[in-house]
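Contents: one structure, followed by commentary.
The values are calculated or read from the model by the stated rules, or taken from the named source; none is laboratory data. Everything numeric here is computed off the predicted structure, so don't read it as measured data. Note: ideal-geometry Cβ built from the backbone for every residue, glycine included; neighbour counts use all protein chains shown. Note: areas computed on protein heavy atoms with side chains; ligands, DNA, RNA excluded. Shrake-Rupley method; radii C 1.70, N 1.55, O 1.52, S 1.80 Å.
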Amino acid sequence: MEKAVEIVYTEGIMDQALDAFGLSREGLKLLGDFENYVYEATKDGKAYILRLTHSSHRSPEEVESELDWVNHLIDNGVEVQAPLPSLDERYVVPVQAEDDTVFSVSLFEKAEGHHPRYSDPDEWNSRLFREWGRKTGEIHRATQTYVRPEHLPSRPHWDEDELKDHARDYINEGEEWMLDRLNALFDHLHSLPRDSSSYGLLHTDIHPGNFFVDGAKLRVFDFDDCSYNWYVHDLAIPLYYSVAWGLPESYEGSRDRFAADFFRAFWDGYYQEFKLDPVWLKEIPYLLKLRDLTLYMVINKKVSPEELAKNERLTRTQTEARDRIYRDVPIASLDDEQLIGG
């Protein structure tokens with residue numbers, strides 16, 4: 001979390017957040033503080049997820065817009081982590097900080113299960129990848145009927161992002177060449193059509209850190225980054241993080257081979273629910289490259305140089321992304337024609 005947010009995040013804000021939903025500090029556990037403060041909290045012996053979002057990241061109205069869409073998915077039969085109302089029946093409770101900025105407080109069901117275990121071949125396998133794809137397709141099918149209420153702001157489009165608007169601020173000295181890579185990707189993506197069969201409101205970040213598995217069930221959560229994008233984006237992101245985080249030893253370091261096996265299973269599940277034109281698979285390499293650039297910049301935005309130097313995992317992630325950006329290659333290569341044919 002940025003230092004400016006840490007400074008205004010006081011005990012009093014947490015007290016107001018807990019009171020709004022009838023929660024106590026007993027058993028409160030911090031789960032994450034990268035873009036939001038996220039806690040596990042208990043009430044009457046049941047676990048919930050409490051999230052505090054600073055206005056530098058999202059306004060209260062933007063959070064309301066996110067939760068309205070999530071409720072639409074649930075109303076259309078998609079099993080995702082449901083938002084819950086406060087004691088006075090609000091899904092988003094704004095709490096003002098001393099500097100007049102605002103924390104938007106939301107409460108969610110806690111999904112049953114656990115994050116998928118990469119090291120367990122009985123779990124990290126084609127069955128999971130197929131269900132992951134099917135769940136993504138289910139979300140895409142449901143989002144096509146979503147109509148935003150007029151009183152809520154639109155969620156952003158993929159290119160309406162502070163990170164991209166101020167990219168130079170998040171690129172290290174001597175690496176300004178990255179801006180050329182970024183501009184080339186934007187030029188290409190801006191040339192693509194945006195129609196209802198290929199473009200809509202998406203989760204945009206369905207990686208293994210944002211869902212739990214429970215037997216055969218898979219429940220997606222953390223819709224904080226939902227925005228308008230091409231549907232194929234939600235196929236590229238699972239591929240990116242699967243080869244980055246979950247490459248099995250049996251593939252002997254071959255990301256391309258694993259990417260092909262992963263994506264065949266994922267696409268099989270996805271296509272059962274949503275018939276995206278396979279021609280869009282040709283855009284996956286561009287979106288994989290954009291994820292490298294985005295990840296590189298968000299690490300610089302959220303993590304100080306001192307903290308980054310102490311974090312071996314983040315340092316390695318950023319270094320590997322920088323190398324691929326320099327070479328202008330995606331994290332893995334797919335022969336989309338072979339995948340479609342197979």
Checklist entry - Hey, what's the Cα Rg ratio for region 76-229 versus the globular rule of thumb, 2.2 N^0.38 Å? => result 1.27
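Keeping all protein chains in place, calculate the accessible area per residue for the chain (probe 1.4 angstrom), answer in Å².
Numbers: 16120 Å² over 342 residues.
On a per-residue basis, the chain sits at 47 Å².
Could you list, in their original order, any pairs among Lys217/Lys282; Lys29/Lys135; Lys43/Lys301; Lys135/Lys310; Lys217/Lys275; Lys3/Lys289 whose Cα atoms are separated by more than 26 Å? Show your work: numbers first, answer last.
On the way: Lys217/Lys282 30 Å; Lys29/Lys135 29 Å; Lys43/Lys301 35 Å; Lys135/Lys310 37 Å; Lys217/Lys275 22 Å; Lys3/Lys289 29 Å.
With Cα atoms farther than 26 Å apart: Lys217/Lys282; Lys29/Lys135; Lys43/Lys301; Lys135/Lys310; Lys3/Lys289.
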Checklist entry - With θ set to phi - 60° and the Karplus curve 6.51 cos²θ - 1.76 cosθ + 1.60, what are the ³J(HN,Hα) couplings of region 98-112 in order, to the nearest whole Hz, using x for Gly and Pro? => result 5, 8, 6, 6, 10, 9, 8, 9, 9, 10, 9, 4, 9, 5, 7
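Do any trypsin sites (Lys or Arg not before Pro) in region 274-310 lie in a loop, going by DSSP, with at most 10 other beta-carbon atoms within 10 Å of their beta carbon, and if so which? Before the final figure, lay out the partial values.
Values: sites: Lys275, Lys282, Lys289, Arg291, Lys301, Lys302, Lys310; in loops: Lys275.
Answer by residue number: there is no such site.
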Checklist entry - List the GluC sites (Glu not before Pro) in region 1-66 that DSSP assigns to loop (not H, G, I, E or B) and whose Cβ has at most 16 other Cβ atoms within 10 Å. Which are they? => result Glu2, Glu26
Next on the checklist: Just to be sure I follow: if Rg is taken over the C-alpha atoms of the chain and Rh is the Kirkwood radius over the same atoms, what is Rg/Rh?
Outcome noted: 0.95
Checklist entry - What do you get for Rg/Rh of region 1-114 when both radii come from the Cα atoms and Rh is the Kirkwood radius? => result 0.95
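Any idea what the alpha-carbon Rg over 2.2 N^0.38 Å comes to for region 266-330? All intermediate terms of the calculation are to be shown ahead of the outcome.
Details: Rg = 15.9 Å, N = 65, 2.2 N^0.38 = 10.7 Å.
Compared with the compact-globule rule of thumb, region 266-330 sits at 1.48.
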Checklist entry - If the chain between Arg117 and Glu150 were fully stretched, how many nm would it gain, using 0.36 nm times the residue separation less the Cα-Cα distance? => result 7.7 nm
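Quick check on the chain: helices-only [θ] at 222 nm, where DSSP H runs of length 4 and up contribute -39,500 (n - 2.57) each and the sum goes over total residues. Nearest 500, please.
Per the formula, -13500 deg cm²/dmol.
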Next on the checklist: Loop-only GluC sites (Glu not before Pro) in region 137-235, please: DSSP not H, G, I, E or B, and at most 13 other Cβ atoms within 10 Å.
Outcome noted: Glu150, Glu160, Glu173, Glu175, Glu176
Item to check | Cα-centred dipole magnitude for the chain, charges only on beta-carbon of K, R (+1) and D, E (-1), debye, nearest 20 | outcome: 900 debye
Next on the checklist: Which one, Ser104, Pro116, Ile139, is farthest towards the positive end of the dipole of region 12-144 when Lys and Arg carry +1 and Asp and Glu -1 on their Cβ?
Outcome noted: Pro116
Item to check | Spatial extent of region 166-213: Rg and Dmax, with the Cα atoms as the point set, Å | outcome: 15.8, 43
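Which helices of the chain meet both criteria: a Cα extent of 24 Å or more along the helical axis and a mean Kyte-Doolittle score no lower than -1.0, with helices taken as whole DSSP H segments?
On the way: long enough: 126-143 (25 Å, -1.28); 255-273 (27 Å, -0.96); 284-302 (26 Å, 0.32).
Helices passing the filter in the chain: 255-273, 284-302.
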Checklist outcome for this item: For the chain, the accessible surface attributable to carbon and sulfur atoms (probe 1.4 angstrom, ligands and nucleic acids excluded) amounts in percent to 47 percent
